Amino acid sequence: MTMAVESNNFIALADVALQNDDLQHAVGEGPRAAYYKRLDTMFAHSDEHGEFMRQQAAEAKRRALRDLPDLLEKAERNLKQNGIAVEWAVDAAAANQLVLDIARRHGVQTVTKSKSMLSEELGTNHAMEAAGLRVVETDLGEYIIQLAGETPSHIVGPVMHKTKAEIRDVFVDELGMEPTDDAEEMVAFARRMLREDFLGADMGISGGNFLIAETGSIGLVMNEGNGRMCTSLPRVHVALVGIEKLVDTVEDYATLTQVLPSSSTGQKLTVYTNIINGPRRDDEDDGPEHVYVILVDNGRSDIYATKYAEALSCIRCGACQNACPVYRTMGGHAYGWVYGGPIGAVLTPLFVGLENATPLPHASSLCGSCKQVCPVDIDLPRMLLDLRWDLVQAGESDGRWDMAMKMWAIGMTSPTRFSMGGVAARVGQHIMGEYMPGVLGNWTKHRDFPEFASKPFRQLWKERKRGRA
């Protein structure tokens, strides 16, 4: 069972989020802090250095996408040479079935999971639990929302939407923790609870931040030791990796592992930067006996063949979410699927169908901050505009909005009608004062409407020319 898509309920979900004071505080503070940390780290040496890093990282991902078919075959060969079994999954059902087949093959009962947005997209936890497996999320944020029965609200900080008090209540209610408001005590309690699961798990599941084709290696970056526990303690390690996560060389990986933490958490490097090259060797004392990489398509090939292929460059840093004024007002759950923020407003319609996510291309002010902060320079504003055009072409746009735009076009394409519209606007504002009807009322409810000039620019220009004459 994949995650339910509620993206067409964006407006209603956003209204709910706006009324939640705790949520407003959480999503207002967390992303803003991450945004400024990014600035300090990404441009620590100079603005020019930071921009050069962005463009170098962007080219590494673009080059990988251009050569993707060949790189996938190259990666498969080198992964197998390293003793890693490679499987291919066309969609979520196939990927989850492969995970279950591997689990049954090795007599797995308990699974520990490192953070993986792809597994959220595939609904892997639901599939394993339905098959009778015990699944434990071990990233602290993912652990909290698993206990709360929720889904991630942020790509990097899945529990971004919760306050410390709410997290305390989850631990008290679900795990019997003694009440405390000390964050260190709460973390220590979670660590003790997870320790037994780490030691007793039969299989560990991770994602893959990058897959290095040149060496057949899995690249993982993380700030908690849980990822290393999941990939080294269980006798079986399964990595779920989207086919777009390929990079060509170790040098490309080195560039991307710098811009990823800088953009996501404002760190020069994450605490743990791992390169996994296969199962335990005969002369090694630890590590898994079996390593599997499941290369997942799940709609990526369809995107690859369109004008939106650039979206596959995303390295899941969450910087666009941290910069977006829409996300920082309502959080990620309002977007109704796995990915929130600007990247979610693009990816969700592409993955689940535009007809199932019609409000999302409009969930943006088009301020351009998302492109400005993206470490691989994805042109998200352009793609949001293109998706809006696709909505119109598919007949999925709001008829009232279409009519309003047609009327606007009629007024803007005639000097006479444009001038008459200006006169009407000035007269209307004089009559109504601060009150504006309809959708304009949404603006004047919270801010002053700009006063129309008493004379339009065209009239002022004519008067100036007459004065010179």
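Simple point charges give the picture: +1 on the Cβ of Lys and Arg, -1 on the Cβ of Asp and Glu, and for segment 220-283 a dipole about the Cα centre of about 280 debye. Evaluated at q = 0.14, 0.15, 0.18, 0.21 Å⁻¹, a Debye calculation over the C-alpha positions of segment 1-159 (equal weights, vacuum) places log10 I(q)/I(0) at -1.09, -1.17, -1.25, -1.29. Each Cα pair under 8 Å and six or more residues apart adds its sequence gap; the mean of these over the residue count of the chain is a relative contact order of 22 percent. Pairs from the list Lys74/Lys245; Lys61/Lys307; Lys162/Lys371 with a Cα-Cα gap above 20 Å: Lys162/Lys371. Axis of helix 21-42 versus longest Cα principal axis of the chain: the two differ by about 80°, to the nearest ten degrees. When only the Cβ of Lys, Arg, Asp and Glu is charged (+1, +1, -1, -1), the dipole of the chain relative to its Cα centre reaches about 2660 debye.
Its convex hull of Cα atoms gives segment 134-291 a direction-averaged projected area, equal to a quarter of the hull surface, of 10.3 nm².
Once the 1.4 Å probe is applied to the protein heavy atoms, segment 152-204 comes out at 51 Å² accessible per residue. Between segment 13-69 and segment 454-469, the C-alpha centres lie 47 angstrom from each other. Here the peptides 153-166, 101-114, 325-338 are ranked by packing, the mean other Cβ count within 10 Å, and the order with the highest first is 325-338, 153-166, 101-114.
Relative to one another, the C-alpha centroids of segment 384-437 and segment 218-254 are positioned 50 Å apart.
Other residues lying with their Cβ under 13 Å from the Cβ of Ser262 contribute a combined charge of +2, Lys and Arg counting +1, Asp and Glu -1. Expressed as a whole percent, the accessible area of segment 1-103 that falls on carbon and sulfur atoms is 51 (1.4 Å probe). Only one of (i) 104, 97, 83; (ii) 62, 44, 42; (iii) 94, 54, 46 was calculated from the structure for Cα extents along the principal axes in Å, and its label is (iii). Restricting the calculation to Cα atoms, segment 226-287 yields a radius of gyration followed by a Dmax of 13.9, 39 Å. P(r) tail, segment 132-216: Cα-Cα pairs separated by more than 20 Å, 41% of all pairs.
For the chain, the antiparallel share of DSSP beta bridges with both residues in that region comes to about 25%.
The accessible surface of segment 262-320, taken with every protein chain in place and a 1.4 Å probe, is 45 percent carbon and sulfur.
Taking the Cα centre of segment 101-235 as the origin, how large is its charge dipole in debye, to the nearest 20, when only Lys and Arg (+1) and Asp and Glu (-1) carry charge on their Cβ atoms?
Here segment 101-235 has a charge dipole of around 560 debye.
Order these peptides, 61-72, 339-350, by their mean beta-carbon neighbour count within 10 angstrom, highest first.
Values: 61-72: 16.8, 339-350: 27.2.
The most tightly packed comes first, giving 339-350, 61-72.
For segment 123-188 and segment 299-375, what is the separation of their C-alpha centers, rounded to whole Å? Computed from Cα coordinates, the inter-centre distance equals 25 Å. Legend note: in the chain, cysteines whose Cβ sits 4.7 Å or more from every other cysteine Cβ are Cys230, Cys314, Cys317, Cys324, Cys367, Cys374. In degrees from 0 to 90, rounded to the nearest 10, what is the angle of the helix 92-105 Cα long axis to the longest principal axis of the chain? Helix 92-105 sits at roughly 10 degrees to that axis.
In whole percent, how big is the carbon plus sulfur part of the accessible area of segment 330-426, probe 1.4 Å, protein atoms only? Carbon-and-sulfur percentage of accessible area, whole number: 62.
Taking the longest Cα principal axis of the chain as reference, the axis of helix 399-412 is set at about 50 degrees.
The values are calculated or read from the model by the stated rules, or taken from the named source; none is laboratory data. Quick caveat, the model's predicted, so the values are computed rather than measured. A quick note on method: Cβ atoms are made from the backbone with ideal geometry, for glycine too, and the neighbour counts reach across all protein chains shown. The protein model used for the area step is the full one, side chains on, heavy atoms only, and it has no ligands, DNA or RNA in it. Shrake-Rupley method; radii C 1.70, N 1.55, O 1.52, S 1.80 Å.
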